[in-house]
Structure formats: structure tokens, C-alpha cells
Amino acid sequence: MPTLFTRIIRNEIPGRFVWSDDRAVAFLTIEPLRPGHVLVVPRAEIPVWTQLDPDLLDHLMSVAQTIGQAQQAEWGCPFVGLLIAGFDVPHVHLHVWPTWGPQDHDLRNAERDPASEAMDEAARRLRAALRRLGAQGAVPAEPGEAEAE
């Protein structure tokens, strides 16, 4: 049975994608610690990060770093959080989010029901920041999005 993330990758469940390449995707989490909080997910269903091929792990980290740079540029945060998780969904995923301090690293502080408009805006901003950086995996602008950059 496909994981929740595989179903998002297949567009069976909606997701706010900011990155897509042949090995990985990144989309906003539904419970962000801060605006722009994304999950970097390999397309392959691998349950734990210790089972990742070293090349895929390197790729995921590179994607996370690029997204982190875009988050810093867009939100002006001094730091970017990174957490490799897999407790809720047995499919490796890297949390990447703008952060200003330790309080931004407590998952109990995640926003449980963020406004759809705020999530759309965060995705738009992050996609635009990735495109400005010239990131190869940046998702193209959605209709009407380019004018807002």
C-alpha cells in the first residue's frame, strides 16, 4: 500500500509543491513550525534514512540546503532547521524550515490548522525564491503567480 507521501507525489492527494526532480520532491507540511516549512521526500518509498543509498542521501541533503538558502533569502531568518523524521509516515522525509531560535524547533509548537491562504502564500514565496536562486528543481510558477513575484 503506498504511503501518504507517495500518494501526494502521484497527485492523488493535493500538495503545495516547491521542488520536483527525478529523485525527490519538496512540499509544504500541513503542520508548519514556521511559514515555508517543507518536507523533502525521496520519490522512492524508503522507510528509514539509514536505508538510503548514500547518493540519494547526498541528493536529499543538497535539495534541503538549496531550499534552506531560499528560505533564508525570503524570510530573512538567521537559521534553518533540519530534522530527518519518519515516525508518522514510514517514508523518509526531511523537515526544513526557517528558524529564529530553539523555540522554533519544538514540534509541539506546530500550527495544527493553518489558513489555506497563508499556506498558498508561503508556497508561492518559496517557489519564487527558489527560481530567483536559479534552483534546477524549482517548481514553475502556477497560473497568475509570476506577476506576484
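Condition check for Asp22 on (1) farther than 20 Å from Gly86 by Cα; (2) in contact (Cβ under 8 Å) with a residue 40 or more places away in the chain: one failure, at (2). Taking the criterion of being part of a loop (DSSP other than H, G, I, E, B) and either open to solvent by 20 Å² or more (accessible area, probe 1.4 Å) or modelled with pLDDT of 95 or more (or both), the residues of region 95-136 that qualify are Trp100, Asp106, Glu111, Arg112, Asp113, Pro114, Ala115, Leu133, Gly134, Ala135, Gln136. When you look at Val38, is it of a type outside the set (D, E, K, R), closer than 22 Å to Asn109 by Cα, modelled with pLDDT of 95 or more and open to solvent by less than 20 Å² (accessible area, probe 1.4 Å), yes or no? Taking the combined requirement at face value, the residue satisfies it.
Restricting attention to region 81-90, and to residues there that are open to solvent by less than 50 Å² (accessible area, probe 1.4 Å) and among the hydrophobic types (A, V, I, L, M, F, W, C), which single residue is modelled with the lowest pLDDT? Explain how you work it out, then say what you get.
Here is the first cut: in region 81-90, the ones open to solvent by less than 50 Å² (accessible area, probe 1.4 Å) are 81, 85-86, 89.
Going one step further and asking which of them are among the hydrophobic types (A, V, I, L, M, F, W, C), we end up with 85, 89.
Numbers: Ala85: 80, Val89: 93.
Residue satisfying both the conditions and the ranking: Ala85.
Residue-by-condition table, conditions (1) in contact with a strand residue (DSSP E or B) (Cβ under 6 Å, 6 or more places away or on another chain); (2) open to solvent by less than 40 Å² (accessible area, probe 1.4 Å); (3) under 14 Å from Val89 (Cβ atoms); (4) touching a residue at least 24 places away in the same chain (Cβ under 8 Å):
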| site | (1), (2), (3), (4) |
| --- | --- |
| Ile9 | yes, yes, yes, yes |
| Glu31 | no, no, yes, yes |
| Ser62 | no, no, no, no |
| Gln65 | no, no, no, no |
| Cys77 | yes, yes, no, yes |
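The values are calculated or read from the model by the stated rules, or taken from the named source; none is laboratory data. Predicted model only: the values in this text are computed from it and were never measured. Glycine also receives a Cβ, built like all others from the backbone with ideal geometry; neighbour counts cover every protein chain displayed. The area values use the complete protein model at the heavy-atom level, side chains included, leaving out ligands, DNA and RNA. Shrake-Rupley method; radii C 1.70, N 1.55, O 1.52, S 1.80 Å.
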